[in-house]
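Only one structure is covered here, and it is reproduced in the block below.
The values are calculated or read from the model by the stated rules, or taken from the named source; none is laboratory data. Quantities reported herein were computed from a predicted structural model and do not represent experimental measurements. Here the Cβ positions follow ideal geometry from the backbone for every residue, glycine too, while neighbour counts run over all protein chains shown.
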Amino acid sequence: MPGKGEDVRQEIAAAIYARAGVIAAKAVHPRPHVPQATEGFVLDPLLASPRVGLGVMALLLTTALWLTLVGANYPSELLAKAFSWGQNLLNSFLNLLGTPPWLGNLLVYGVYRTASWVVAVMLPPMAIFFPCFTLLEDLGYLPRLAFTLDRIFYPAGSQGRQALTMCMGLGCNAAGVVACRIIDSPRERLIAILTNVFVPCNGRFPTMIALTTLFLTGPGPAGAFKGALTIGGLILLGAIVTLAVSWFLSHTLARGVPSAFVLELPPYRRPRVLQVVVRSLLDRTLFVLGRAVAVAAPAGGLIWVLANVPYGGQTLLAALANWLDPFGRALGLDGFILTGFFLGWPANEIVLPITLMGYLTGGTMIEPNGLADLGQILIAQGWTWLTALCFLLFSLLHFPCATTTLTTVKEAGGRWAVLGFFLPLAVAVGVTFIVTQLTRLCGMG
């Protein structure tokens with residue numbers, strides 16, 4: 001419940017609006033026979049109520065997420081095939097120029113392949129989710145969502161607008177960080193920026209869905225339903241961790257009194273579909289995608305070097321994985337998985353391909369042909385349901401990608417970006433360690 005200071009601020013705001021209403025009633029005389037907008041009077045008591053409002057929110061966001069996941073599959077496949085054709089073309093062109101083999105492989109299988117995978121995986125989901133989200137914003141629904149959720153975020157030292165930034169993070173955490181500009185309070189804006197990473201972005205969803213199907217639910221209609229519940233549970237867990245870390249920050253590094261959340265609900269509007277689509281594609285999708293590619297391309301070259309340069313009878317990639325292996329085992333993972341996460345910092349999409357590259361001692365990042373192929377590879381490397389569960393938890397809670405980190409530097413500053421990297425890493429390590437040790441203690445793993 002709000003404290004006395006918050007009550008005073010709300011009473012002052014209520015008195016100001018009441019006085020404004022009295023003045024408006026005396027000064028404004030509506031013309032007769034002109035119909036007045038009644039949508040707000042009818043819908044607001046429902047959308048702003050704790051039960052109905054939360055149900056509508058869950059339905060709308062689930063629909064947007066479902067459209068994103070289902071609608072992005074085919075375009076992603078088309079883009080992957082187009083980039084595969086482009087890879088062959090680039091290879092032929094470099095051979096025609098007489099490029100040294102090591103340089104050609106670095107450019108094609110390192111720089112080009114990494115950048116193309118990022119585009120193929122990120123572009124279709126963002127091109128669907130961002131317009132859906134912007135349509136809800138243009139309709140006038142999102143302020144009502146913020147008002148509904150404010151009662152949940154206030155005890156954590158934040159406010160309802162943080163929920164909107166979390167929704168944007170489902171498409172891309174970097175976009176979610178940029179969306180934190182809608183929060184007026186610098187303290188609460190900082191909390192929202194540092195905790196947006198706990199919302200799984202579209203770069204993590206393909207891997208999460210694949211591992212859930214292989215190890216936790218199984219294929220078929222029943223497995224798909226269980227998988228949907230599992231992914232939904234992970235998103236809910238991310239929201240719970242967001243609230244817990246927000247509370248921790250609001251009582252330590254970002255200590256302060258939550259700001260008064262007084263929100264004037266705008267009228268409902270008919271969405272301007274064409275303008276919304278163009279604005280979301282130009283201002284959000286292409287902006288975030290361009291920043292991601294700028295980071296992923298050089299990182300792909302570095303990963304190729306690590307996978308091909310020998311060191312002590314093995315590659316640098318294998319040496320790093322062997323060094324990290326004891327830490328990975330304590331977290332229910334292994335050294336190659338941790339190496340995949342750290343080298344996959346440029347983009348979450350390449351974490352699993354890097355892990356597979358290490359397992360199969362290949363010189364380039366690989367992707368299996370299907371789920372069955374992927375399952376056989378992972379089981380042969382000793383994966384169990386516990387490994388998959390810890391991978392999912394670590395993927396949900398670990399440090400933000402490079403694009404999000406650079407965006408945090410721009411929005412909050414370098415020292416907060418460093419905290420935004422290590423704080424989620426500590427949470428991910430702590431959660432997976434506890435889950436692993438408790439499971440093994442109970443003889444289940």
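Any idea which of N73, N91 is at pLDDT 75 or above, surrounded by 10 or more Cβ atoms within 10 Å (Cβ to Cβ) and more than 23 Å from R270 (Cβ to Cβ)? It would help to see each step written out before you state the result.
Numbers: N73 fails: at pLDDT 75 or above.
So the residue among N73, N91 that is at pLDDT 75 or above, surrounded by 10 or more Cβ atoms within 10 Å (Cβ to Cβ) and more than 23 Å from R270 (Cβ to Cβ) is N91.
Can we say T403 is under 18 Å from the mean Cα position of the chain (by Cα), buried (at least 23 other Cβ atoms within 10 Å of the Cβ) and either among the hydroxyl-bearing types (S, T, Y) or farther than 13 Å from L194 by Cβ (or both)?
Yes, satisfied.
Could you tell me which numbered condition Q437 fails, if it satisfies all but one of (1) at pLDDT below 90; (2) over 24 Å from the mean Cα position of the chain (by Cα)?
Condition (1) is where Q437 drops out.
In region 377-423, what count of residues is obtained for those that are over 20 Å from G203 (Cα atoms) and either outside any helix (DSSP H, G or I) or of a type in the set (D, E) (or both)?
Of the residues in region 377-423, 6 are over 20 Å from G203 (Cα atoms) and either outside any helix (DSSP H, G or I) or of a type in the set (D, E) (or both).
Say we look at region 290-347 and pick out the residues that are over 22 Å from the mean Cα position of the chain (by Cα) and among the hydroxyl-bearing types (S, T, Y); which of these is modelled with the lowest pLDDT?
Once the filter is applied, the top-ranked residue is Y311.
Let's see how each residue does on (1) under 18 Å from the mean Cα position of the chain (by Cα); (2) buried (at least 17 other Cβ atoms within 10 Å of the Cβ):
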site	(1), (2)
F83	no, yes
G86	no, no
L103	no, no
A120	yes, yes
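Quick one: how many residues across region 313-344 are outside any helix (DSSP H, G or I) and of a type in the set (S, T, N, Q)?
Counting residues in region 313-344 that are outside any helix (DSSP H, G or I) and of a type in the set (S, T, N, Q) gives 2.
Suppose the filter is polar (S, T, N, Q), over 26 Å from V273 (Cβ atoms), in a helix (DSSP H, G or I) and touching a residue at least 12 places away in the same chain (Cβ under 8 Å); does T148 pass it?
Numbers: polar (S, T, N, Q): yes; over 26 Å from V273 (Cβ atoms): no; in a helix (DSSP H, G or I): yes; touching a residue at least 12 places away in the same chain (Cβ under 8 Å): yes.
When the stated conditions are applied, T148 does not pass them.
In region 162-188, how many are over 20 Å from V351 (Cβ atoms) and without any contact (Cβ under 8 Å) to a residue 40 or more places away in the chain?
8
State whether the residues of region 207-216 include one that is buried (at least 21 other Cβ atoms within 10 Å of the Cβ), among the small types (G, A, S) and assigned to a helix (DSSP H, G or I).
no
Take V431 and decide whether it is among the aliphatic types (A, V, I, L, M), farther than 19 Å from I354 by Cβ, in contact with a helix residue (DSSP H, G or I) (Cβ under 9 Å, 6 or more places away or on another chain) and buried (at least 21 other Cβ atoms within 10 Å of the Cβ).
When the stated conditions are applied, V431 does not pass them.
Considering only residues that are of a type outside the set (A, V, I, L, M, F, W, C) and free of Cβ contacts under 8 Å to residues at least 40 places away in the same chain, which ones fall in region 302-333?
P310, Y311, G312, G313, Q314, N322, D325, P326, G328, R329
So if I check each of A80, A58, which one is within 15 Å of L170 (Cβ to Cβ), small (G, A, S) and part of a helix (DSSP H, G or I)?
Matching residue, one of A80, A58: A58.
What number of residues within region 104-156 satisfy the criterion of being more than 30 Å from E77 (Cα to Cα), among the small types (G, A, S) and modelled with pLDDT of 80 or more?
Result for region 104-156: 1.
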